[in-house]
There are 2 protein chains.
Amino acid sequence: MVLANTYHLHLQPGESIVEGAGGLHRFMRWDGPILTDSGGFQVFSLSDMRSISEEGVTFRSPKDGQMIHLSPERSIAIQNALGADVIMAFDECPPYHASREAVIEATDRTYRWLQRCLKAHQRSDQALFGIVQGGIYADLRQRAARQLADLDLPGYAIGGVSVGEPAELIEQIVQVTAPLLPASKPRYLMGVGTYREIVQAIAAGVDLFDCVIPTRLARHANALVAGERWNLRNARFREDFAPLDATCSCYTCQNFSRAYVSHLVRSQELLGYTLLSIHNITELVQFTQRIRAAILNQSFLAEFGHWLTPNLIAASR
Amino acid sequence: MVLANTYHLHLQPGESIVEGAGGLHRFMRWDGPILTDSGGFQVFSLSDMRSISEEGVTFRSPKDGQMIHLSPERSIAIQNALGADVIMAFDECPPYHASREAVIEATDRTYRWLQRCLKAHQRSDQALFGIVQGGIYADLRQRAARQLADLDLPGYAIGGVSVGEPAELIEQIVQVTAPLLPASKPRYLMGVGTYREIVQAIAAGVDLFDCVIPTRLARHANALVAGERWNLRNARFREDFAPLDATCSCYTCQNFSRAYVSHLVRSQELLGYTLLSIHNITELVQFTQRIRAAILNQSFLAEFGHWLTPNLIAASR
């Protein structure tokens, strides 16, 4: 599944152009599933240039300085125009250091905004997922999860994690939240993650992830191999003619050596970043495929238990 | 045929690594033909940091400041290690504004260096091409061409053009030089060119070209379409859902719209430059294929004569 970004696509090229092209699938020529986020996360990251009200958010475009308004209705209208298979509710994502009062306000507003998103949504061929907020507060997360579960949505997301908090907090938030969301529906942890975070979240019941890590690492010349991050600019790869990962089925590993990829990134050849992106994405997909096989094979704890804390091991039995 | 650069590969990753990988074909995983230039052109472009003698050229590496020596023997040794199918003699390429005396000296030295290249060359599976220098002086070009033709080399190049001189001078140089090189051998015009330059050179007997234009234009968001250069950042492409060229068989034109490529380059997505490179290279290859078909079909002058000056039209009959 490809994730496309509502906020960035609204600024460039604009949803009307994507709609004119026949939607995202045709525009980018991708026949697989696509998900669009709601723009909430990006807008709330622009903390210096925005104002929030019950109605929505107004912010200054970093592209051309124009004032832009986003609201639940506007986000859904944009996502209806973009035409992804899964679209996300417009939520308020409080920062890690927000006070409990601010998080309560954001969580309640996110719930009211979800109601408005559901009302605004026009296309039955797009699945609208709700998002659980609640910051680092277990009781707020649980209340929000129960409220959402009652709505019988096609899918559920845990948002507002990976916003600067320690990894242990992500784990705790996911542990208290995921089990309260319907196991029969996709449960999606937004913006995660590392190998460890993925294993921990799967142990807690999460089905779906998105993360910039594989492509961001690739743009910085890093490969994910065997659970490690390797910087291909490192001198040890200059004469290493093995593939990045001899067990990997990706185009990069089937055709090119570490020495060649190292040469490409040292030369700042664009092909280097493309080859590393292909490998890193394949590596994470293969990692989740191994987890899936282990779950079906009753060997999840034996194979992946070393990533888990005692709490999660108990929960996974 | 892919052209690889002896000078750049010597600096990074170094020919010993390419040789260790099993040669350029295996290193970059390209099974088609490869040609390496000799490094002469690049070294002589570094006019501030080099010293030339009969023995060879010493220059300061722009990568790490180390002094590097290149000579006919060294260039051939590097090219033998790189392992391309066609390798080029190490030549002295005088600048456009060089005096006649300086050009005579460079042309004679290039001939003496060719003799040393032939003696140094170790691999019978690599074809070593000689290079005609002579600047903008028809008599020097002709003398050099006749000297080289006598050597029965596997191929012949016209070098030292496209170094800043007006396009008319390129045309004149090619017209006086190409017909003196054996028609039964590949005749290669180095560093050219535009549509017009290609047609003019083919009319004079040239078979082979190399040029940065298709990929350099792509990196600057330009597409070659129907003989024109289009900047895909232009507003007129934002909502243009046609392919770059509806008659083109390349991956880019078969799958993506002008609007999508425009969006990619506006977003500085690396995919945009890759898609434009694919198209531009295909476009120039298709252009030469059309010329080849026209020649075989006796319609070269009818179809391409509008690119030619009266001199060349007379010569092509």
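Overview of results
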| read-out | value |
| --- | --- |
| Highest-MSF residue in chain A out of A:Ala120, A:Ala218, A:Ala21 [GNM, Cα springs under 10 Å] | A:Ala21 |
| Estimated dipole of the protein assembly as shown in Debye, rounded to 20 [Cβ of Lys and Arg +1, of Asp and Glu -1, Cα centre] | 160 debye |
| Full-stretch length increase - B:Lys63, B:Glu269 - with 0.36 nm per residue and alpha-carbon distance subtracted | 71.4 nm |
| HN-Hα J in Hz across region B:169-181 - Karplus 6.51, -1.76, 1.60, θ = phi - 60°, x for Gly and Pro | 5, 4, 4, 5, 4, 5, 5, 8, 9, 4, x, 8, 8 |
| Distant-in-sequence amide H partners of B:Leu128 (H built 1.01 Å from N, under 5 Å) | B:Ile87 |
| Of every Cα-Cα pair in region B:110-223, the percent that sits beyond 24 Å | 27 percent |
| Karplus-derived 3J(HN,Hα), 6.51/-1.76/1.60, for each residue of region B:14-23, Hz, glycine and proline x | x, 5, 5, 6, 4, 4, x, 6, x, x |
| Approximate shape of the protein assembly as shown as ellipsoid semi-axes (Cα gyration tensor, √5λ), whole Å, largest first | 59, 29, 20 |
| Residue with peak Gaussian network fluctuation, chain A [Cα springs, cutoff 10 Å], from A:Gln200, A:Gln133, A:Gln115 | A:Gln115 |
| A:Ser16-B:Ile281 FRET efficiency (beta carbon distance; Förster radius 45 Å; 0.05 resolution) | 0.85 |
| Computed [θ] at 222 nm, deg cm²/dmol, chain B (DSSP H ≥ 4; -39,500 (n - 2.57); rounded to nearest 500) | -13500 deg cm²/dmol |
| Rounded, prolate or oblate (a/c below 1.5 giving rounded, otherwise prolate when a/b exceeds b/c) for region B:85-154 by Cα gyration tensor | prolate |
| Nearest-first distances (nm) between copies at A:Asp31, label 7 Å from Cα via Cβ | 2.5 |
| Axis-nearest residue of A (beta carbon) for the A-onto-B rotation, whole Å | A:Leu270, 3 |
| Per-copy distances of the A:Tyr96 label point, shortest first, in nm (7 angstrom along Cα→Cβ) | 5.7 |
| Approximate spin-label separation A:Asp85-B:Arg100, in nm, with each point projected 7 Å along Cα-to-Cβ | 7.4 nm |
| Solvent-accessible heavy-atom area per residue, rounded to whole Å², over region A:32-150 at 1.4 Å | 42 Å² |
| Compactness index (Cα Rg / 2.2 N^0.38 Å), region A:205-262 | 1.23 |
| Interchain or long-range residues, amide H under 5 Å from A:Val192's placed H | A:Asp210 |
| q = 0.09, 0.22 Å⁻¹: log10 I(q)/I(0) that the Debye formula gives for region B:49-166, counting C-alpha atoms only | -0.25, -1.30 |
| Options B:Ala218, A:Ile52, B:Gln122, ranked by Cα towards positive dipole end of the protein assembly as shown, top entry (Cβ charges) | B:Gln122 |
| Debye, to nearest 20: dipole size of region A:1-122, +1 on Lys, Arg Cβ, -1 on Asp, Glu Cβ | 140 debye |
| Chain A: C-alpha gyration tensor shape, a/c 1.5 cut-off, then a/b vs b/c | oblate |
| Reciprocal of mean inverse Cα separation for region B:159-241 (Kirkwood radius, Å) | 14.3 Å |
| Karplus-derived HN-Hα couplings along region A:278-285 (A = 6.51, B = -1.76, C = 1.60, θ = phi - 60°), whole Hz, x at Gly and Pro | 4, 5, 5, 5, 4, 4, 5, 5 |
| Dipole of chain A, positive direction: furthest Cα of A:Leu11, A:Ser38, A:Phe287, with charges on the beta-carbon | A:Phe287 |
| Antiparallel bridge percentage (DSSP; both residues within the protein assembly as shown; nearest 5) | 45 percent |
| Rotationally averaged projected area of region B:1-117 (alpha carbon convex hull; nm²) | 7.3 nm² |
| Spin-label pair B:Asp108/B:Ala302, simplified geometry with 7 Å Cα→Cβ offset, distance in nm | 5.1 nm |
| Region B:210-312: projected area of the alpha-carbon convex hull, averaged over directions, in nm² | 7.4 nm² |
| Potential extension, A:His8-A:Val212 segment - 0.36 nm per residue separation minus Cα distance | 72.0 nm |
| Net length gained if the chain between B:Met1 and B:Ala138 were fully extended (0.36 nm per residue, minus Cα distance) | 46.3 nm |
| Most mobile listed residue (A:Val132, A:Val192, A:Val261) in chain A, GNM with C-alpha springs under 10 Å | A:Val261 |
| Pseudo-label separations to other copies for B:Arg123 - Cα-to-Cβ vector, 7 Å, nm | 5.4 |
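The values are calculated or read from the model by the stated rules, or taken from the named source; none is laboratory data. Please read these numbers as outputs of a predicted model, since none were measured by experiment. Using ideal geometry, Cβ is built from the backbone for each residue, glycine included, and neighbour counts are taken over all protein chains shown. All accessible areas refer to the heavy atoms of the entire protein, side chains included, with ligands and DNA or RNA removed. Shrake-Rupley method; radii C 1.70, N 1.55, O 1.52, S 1.80 Å.
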